[in-house]
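As structure tokens, the structure follows; a few thoughts come after it.
The values are calculated or read from the model by the stated rules, or taken from the named source; none is laboratory data. Given the structure is predicted, the values throughout are model-derived calculations rather than measurements. Here Cβ is always computed from backbone atoms with ideal geometry, including for glycine, and neighbour counts include all displayed protein chains. We work out accessible area using only protein heavy atoms, side chains counted, and drop any ligands, DNA or RNA first. Shrake-Rupley method; radii C 1.70, N 1.55, O 1.52, S 1.80 Å.
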Amino acid sequence: MNRKRYPGILAIGWLSLACAALARAEVPPTLLPLPTTVGGDPNRIALGQRLFHEPKLSDQAARSCASCHPLDRGGMDGKARAVSADGAAVLRNTPSLFNVAFNYFFNWDGVVTTLEAHTEKVMLNPNIMKANWPGVIARLAGEADYVVAFANAYPDGLTPANVVDAVTSFERSLVTPNARFDRFLRGDSTALSAEEQQGYRLFNDLGCVACHQGINLGGNLFQKFGVFGRPPSAAELIDAGRYLVTGNPRDSGVFRVPSLRNVAATAPYFHDGRAADLETAVSTMAKYQLGKPLAERQRDLLVKFLHSLTGEYRGKSLLAEPSAKP
């Protein structure tokens, strides 16, 4: 299937040394606000929304996409690690699907580079939805309204490719604009409090922006988890990360840098969910990723800034929080 590109994806011209140089410039690097509206075929998006909540996409109709990505909980399940189909396999933390259209790689190890490939891989994964295409098509074909809906949305009707396209059409619509930080980027200097603006400057000065860059503040680069030592964990599990995809020893322990959009609404954090709150996550990143342990005041300023990244879905904030005062 063809990759569908978005203008925001073109904004990821932030790589390696260029990122680091910009992060240390006097003027903070330009980050783009999310678009306030998204395109897409309304029929396909509506069909995809129904399929997103449809257990028939999984083996024995046991779970849907929404089982792990509930949209009323930040687009992720809130667990340290996702629960496998058999309840026995150890999986990774579930990333949010909000703003997923602006990512270039998917999953923690970047195993796929299109949302279509990601959707199909999750459906057919025996540890997740455990589906197979003959079974999925037979279950959907048994519902007359699904047959009609596919016929209205696609010239060739109900096919595996069209099931995937409908689901990804809906997922691409899961954009959360109008975060206070977006309003700040659009020129509203009162959208962030004085402390949040201090946190934003610190975010740039420390070099966080070198990896959490682009329109999604991350989601498009890879980095070793623990550049300056192994971050602590109560239940350490060895995960080779991107090495499992590339086979390159340099990729051992390397993971996709997650987007920070709506990060205040998507605890716990990291690929294994080891950080239960933002304070712990920020302190861990500063010490083990940047080699710059933070004072409590610095940590708190960064956390305040991160709260300004919470956007809105269908006009409602993903996380209830008090309005900022300048």
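Which of the following values of semi-axes √(5λ) of the Cα gyration tensor in Å was calculated from the structure shown: [x] 41, 21, 16; [y] 68, 18, 15; [z] 34, 23, 17? Correct label is [z].
Sparse packing (at most 14 other Cβ atoms within 10 Å of the Cβ) combined with a DSSP loop state is found for the following trypsin sites (Lys or Arg not before Pro) in the range 180-231: Arg186. Summing Cβ point charges (Lys, Arg +1; Asp, Glu -1) relative to the Cα centre of the chain gives a dipole of roughly 480 debye. Taking θ as phi - 60° and the Karplus parameters 6.51, -1.76 and 1.60, the scalar couplings of the range 61-74 work out to 6, 8, 7, 10, 4, 5, 4, 9, 10, x, 6, 8, 10, x Hz in sequence order, x denoting glycine and proline.
A cut-off of 5 Å between modelled amide H atoms, ignoring neighbours fewer than 5 places along the same chain, links Gly241 with Gly253. Distances between placed amide hydrogens fall under 5 Å for Val112 paired with Phe106, all partners being 5 or more residues away or on another chain. Site pair Ile238 and Asp41 shows an inter-label distance of 4.8 nm when each label is modelled 7 Å from Cα along Cα→Cβ. Sites listed here are GluC sites (Glu not before Pro) in the range 161-256 whose DSSP assignment is loop and whose Cβ has at most 13 other Cβ atoms within 10 Å: Glu236. For the pair Arg73 and Thr246, the difference between a 0.36 nm per residue extended length and the Cα-Cα distance amounts to 59.0 nm. With 0.36 nm allotted per residue and the present C-alpha distance subtracted, the Ala62-Val90 stretch has 8.2 nm of extension available. Counting lysine pairs in the chain whose alpha carbons fall under 14 angstrom apart, excluding pairs fewer than 8 residues apart on the same chain, gives 4. Residues whose amide H comes within less than 5 Å of that of Ala275, counting only those at least five positions distant or on another chain, are Tyr269 (H built at 1.01 Å from N in the peptide plane). Here the Karplus curve 6.51 cos²θ - 1.76 cosθ + 1.60, taken at θ = phi - 60°, turns the phi angles of the range 179-193 into couplings of 4, 4, 5, 4, 5, 5, 5, 7, x, 8, 5, 8, 5, 10, 5 Hz, with x standing for Gly and Pro. Take each complete run of DSSP H in the chain, measure how far its Cα atoms stretch along the helix's own axis, and keep only those covering 24 Å or more with mean Kyte-Doolittle hydropathy at least 0.0; list them. Correct list, ordered by number: empty.
Projecting the Cα atoms of Thr176, Leu306, Val111 onto the charge dipole of the chain (Cβ charges, centred on the Cα centre) puts Leu306 farthest toward the positive pole. Rolling a 1.4 Å probe over the heavy atoms of the protein chains gives the chain an accessible area of 46 Å² per residue.
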